[in-house]
Amino acid sequence: MIEASSHPARSSFPARPTVFVVDDDAAVLGSLRFLLETDGFAVRTFRSGTALLNIGSAAGPDCYVIDYKMPDINGIDLAGRLRKSDRNVPVILITGYPDENISARAATAGIKEVVLKPLLEENLVNCIRHAIQDRPVA
C-alpha cells in the first residue's frame, strides 16, 4: 500500500492524460475530479462499476482510479473485468477499508497500487503519473 511516495516526471508523459475515476460517493468523486484536473489530467467520473462497464466503445483512459468498496461490484473485481478489455491501462485502487490481504488480491487483479483514501492528494497524483509512465506500449 502506498502511504507516501514521490516519482519524478519523465518527458514521455502525455500532455493531458485521461483518468477514469469510479467511486459511489459523489463527494469523493467531486474532490478527486478537482484534484486531478488541477494537476493537469482530463477526468471522467463514474458513480458505479456498472456505469463504467456500460460506456461501450468510448475512448479509453490512460489510467483508472477505482474505489475498493462499492455496492454493485468491488474495485478488485472491476479491475479484473477491465483487464480483459483494457489490458495495458494501469489501475490504482483507493480504499478507506484496508485489510492485510488487499494488496495481494489487488496485485493478482493487475492493480498497480493501493492508496489509502485519507492520504490521497499528492500520493494519488504521483501514483497515477508513475503508472502512466511505466505503462507497456500496446
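The values are calculated or read from the model by the stated rules, or taken from the named source; none is laboratory data. This is a predicted model, so every value here is computed, not measured. Cβ: placed from backbone, ideal geometry, glycine included. Neighbour counts: every protein chain shown. These area figures cover heavy atoms from the full protein model, side chains too; ligands, DNA and RNA do not enter into them. Shrake-Rupley method; radii C 1.70, N 1.55, O 1.52, S 1.80 Å.
How many percent of all Cα-Cα pairs in the chain sit more than 26 Å apart? Walk me through the intermediate numbers first.
Values: 1213 of 9453 pairs.
Counting pairs separated by more than 26 Å, the tail of P(r) holds 13 percent.
What are the residues whose amide H is under 5 Å from the amide H of MET70, where those residues sit 5 or more places off or on another chain and H is modelled from the backbone?
Amide H neighbours of MET70, under 5 Å, 5+ apart: GLY75.
For the chain, modelled as a GNM with alpha-carbon contacts under 10 angstrom, which of ALA107, ALA27, ALA59 fluctuates the most?
ALA59
How big is the dipole moment of the range 28-77 about its Cα centre under a simple scheme where the beta carbon of each Lys and Arg is +1, that of each Asp and Glu is -1, and everything else is neutral? Debye, nearest 20, please. Let's see the in-between values first.
Values: 4 positive and 6 negative charges, 27 e Å.
For the range 28-77, the charge dipole is close to 140 debye.
So who's got an amide H within less than 5 Å of the one on VAL19, skipping anything under 5 residues away but keeping other chains? H placed 1.01 Å off N, in plane.
Residues meeting the criterion, in which the H sits 1.01 Å from N, are ALA42, VAL43, ARG44, ASP62.
For the pair ASP77/ASN101, report the inter-label distance in nm, with labels modelled 7 Å from Cα in the Cβ direction.
The answer from the label model is 1.5 nm.
Taking the solvent-accessible surface of protein heavy atoms with a 1.4 Å probe, what is the per residue accessible area of the range 59-138 in Å²?
In whole numbers, the range 59-138 has 47 Å² accessible per residue.
Around LEU78, with a cut-off of 12 angstrom between Cβ atoms, what is the net charge of the other residues, counting Lys and Arg +1 and Asp and Glu -1?
Overall, the nearby charge balance is -2.
Only Lys, Arg, Asp and Glu count, each charged at its Cβ (+1, +1, -1, -1), so figure out the dipole size of the range 19-138 about its Cα centre, rounded to 20 debye.
Computed about the Cα centre, the dipole is about 420 debye.
Using label points projected 7 Å from each Cα along Cα→Cβ, tell me how many nm separate ASP134 and ASP24, to one decimal.
Taking the two extended label points, one gets 3.0 nm.
Using helices alone, I'd like the mean residue ellipticity at 222 nm for the chain: each DSSP H run of four-plus residues gives -39500 (n - 2.57), total over residue count, nearest 500.
-10000 deg cm²/dmol
Report ³J(HN,Hα) in whole Hz for each residue of the range 18-35, in order, from the Karplus equation J = 6.51 cos²θ - 1.76 cosθ + 1.60 where θ = phi - 60°; Gly and Pro get x.
With coefficients 6.51, -1.76 and 1.60, one gets 9, 10, 9, 10, 10, 7, 7, 9, 4, 5, 5, 4, x, 5, 5, 4, 4, 4 Hz.
Give the relative contact order (percent, whole number) for the chain; include only Cα pairs under 8 Å separated by 6+ residues.
Reported relative contact order: 29 percent.
Express the carbon and sulfur contribution to the solvent-accessible surface of the chain as a percent, rounded to the nearest whole number, probe 1.4 angstrom.
51
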